[in-house]
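Colleague: Pasting a structure below so you can have a look.
The values are calculated or read from the model by the stated rules, or taken from the named source; none is laboratory data. Just so it is clear, the structure is predicted and the values come from calculations on it, not from any experiment. Cβ: placed from backbone, ideal geometry, glycine included. Neighbour counts: every protein chain shown. For accessibility, only protein heavy atoms count, side chains too; no ligands or nucleic acids. Shrake-Rupley method; radii C 1.70, N 1.55, O 1.52, S 1.80 Å.
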Amino acid sequence: MVEKHLGEELDETSLGYLALRLGWLNRVGRDKRGDSIFAFYHATFQDYFAALAVEDWDYFLPKDHCDRPVAGKQYRIFEPQWKQVILLWLGREDVVEEKKEGFIRAFVEFEDGSMGLYWFHAVFLAAAGIGEFKTCSQVDVVNAIVKQIVKWGFGYYNQEKQEWWGYFNQIQKDARETIFQTDRKRAVQELYQMLEHPQCHEYPRRLAVYTLREIGQGNQTAISGLIKILETAEDKYTRVE
């Protein structure tokens, strides 16, 4: 397959020969027939070329999905090996923005008929996606995604119960990891608002402080929020953080 697309490896005028000389492709062994087995220098190469080969996001998520799997279609958005390909596809400059925005909106509106278990995963991927697709004009969608991720990661104030509520540990963990991949400017704004809430518990506050420290470098909102916490937090460990 390599020789079909890049030319014979022993032909010094072929792309295959040059790719091997550069170390962009590497010979990693031979199969039972004695033919060479090749691998990319880094998985990012194969992910990038895979992203270039995808014309429409229907390849990742069937456009005719309703609330149950479409027969005969693959849902690659739920296969971890496709995540980087999807993010690289969203970062492509030659894909029109309307297509990308339709893809992002399909994530947010995804229905699975199973108590939203797959919806969580779809929103996590959408949050990472807008980190790549920074020119998304769907401001309301982007804000809703980031707000939801912060809520899942750090909890929220339940008005009915009059107390701070959190989500399952794995959801919290995945959400906090996703914050580092999404639109950081909007994430900082949401975290700042959460820290402003008088009922926010000390543990999520401390986690939010750590996150702001990591993603808010050079951001005046983050700096102001950290200074305010330093001045007002009663917990000494939060102040140290």
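Colleague: For the chain, which whole-number percentage of the solvent-accessible area (1.4 Å probe, protein heavy atoms only) is attributable to carbon and sulfur atoms?
Modeller: 52
Colleague: So what's the angle, to the nearest 10 degrees on a 0 to 90 scale, between helix 220-232 and the longest Cα principal axis of the chain?
Modeller: Approximately 40 degrees, to the nearest 10.
Colleague: Continuing with this model, one more query. My understanding is that a pair violates if its Cα-Cα distance is over 27 Å; which of 83/173; 134/161; 151/228; 83/151; 73/173 do that in this structure? List each step's numbers first, then the result.
Modeller: On the way: 83/173 18 Å; 134/161 37 Å; 151/228 21 Å; 83/151 23 Å; 73/173 30 Å.
The answer is 134/161; 73/173.
Colleague: A follow-up question, please. Report the accessible area of residue 173, computed with a 1.4 Å probe over the heavy atoms of all protein chains in place, in Å² rounded to the nearest 10.
Modeller: Ignoring ligands and nucleic acids, residue 173 comes out at about 100 Å².
Colleague: Most mobile of 213, 68, 184 per a Gaussian network model of the chain (Cα springs, under 10 Å)?
Modeller: 68
Colleague: If you don't mind, another one. Here are a few candidate values for log10 I(q)/I(0) by the Debye sum over Cα atoms at q = 0.15, 0.17, 0.18 Å⁻¹: [x] -0.93, -1.16, -1.25; [y] -1.05, -1.19, -1.27; [z] -1.09, -1.32, -1.43. Which one was actually calculated from the structure I just gave you?
Modeller: Matching the structure shown: [y].
Colleague: What net charge is computed for the residues neighbouring residue 224, neighbours being all others with C-beta under 15 Å from the C-beta of residue 224, Lys and Arg scored +1, Asp and Glu -1?
Modeller: 0
Colleague: So what is the relative contact order of segment 131-219, in percent, for Cα pairs below 8 Å that sit 6 or more residues apart?
Modeller: Relative contact order, segment 131-219: 31 percent.
Colleague: For residue 226, what accessible area in Å² do you get when you roll a 1.4 Å probe over the heavy atoms of the protein chains, rounding to the nearest 10?
Modeller: 50
Colleague: Now for a separate question. With the chain treated as a Gaussian network of Cα nodes joined by springs under 10 Å, which of 219, 26, 143 yields the largest mean-square fluctuation?
Modeller: 26
Colleague: Please turn the phi angles of segment 48-54 into ³J(HN,Hα) values with the Karplus equation 6.51 cos²θ - 1.76 cosθ + 1.60 (θ = phi - 60°), one per residue in order, whole Hz, x for glycine and proline.
Modeller: 5, 5, 5, 4, 5, 7, 8
Colleague: Let me ask something else about it. Given H placed on each backbone N at 1.01 Å, which residues far from residue 157 in sequence or on other chains put an amide H within less than 5 Å of it?
Modeller: It is 165, by chain and number.
Colleague: If you count only protein heavy atoms with a 1.4 Å probe, what accessible area per residue comes out for segment 12-169, rounded to a whole Å²?
Modeller: 60
Colleague: Compute the long axis of helix 202-215 from its Cα atoms, compare it with the longest principal axis of the Cα atoms of the chain, and write down the angle in degrees, 0 to 90, nearest 10.
Modeller: Roughly 40 degrees, rounded to the nearest 10.
Colleague: Compute the separation of the alpha-carbon centres of segment 56-105 and segment 141-173 and state it in Å as a whole number.
Modeller: Here the two parts' Cα centres lie 26 Å apart.
Colleague: Going by amide H atoms built from the backbone, whose H comes under 5 Å of the H on residue 38, apart from near neighbours?
Modeller: So residue 38 has HN proximity to 28.
Colleague: Something else: List, in order, the whole-Hz ³J(HN,Hα) value for each residue of segment 167-172 obtained from phi through the Karplus relation with A = 6.51, B = -1.76, C = 1.60 and θ = phi - 60°; use x for Gly and Pro.
Modeller: Each residue's phi maps through the Karplus curve to give 10, 4, 3, 5, 5, 4 Hz.
Colleague: First check a/c for segment 162-241, with a ≥ b ≥ c the square roots of the eigenvalues of its C-alpha gyration tensor; if it is under 1.5, answer rounded, and if not, answer prolate when a/b is larger than b/c or oblate otherwise.
Modeller: It is oblate, given that a/c is not under 1.5 and a/b is not larger than b/c.
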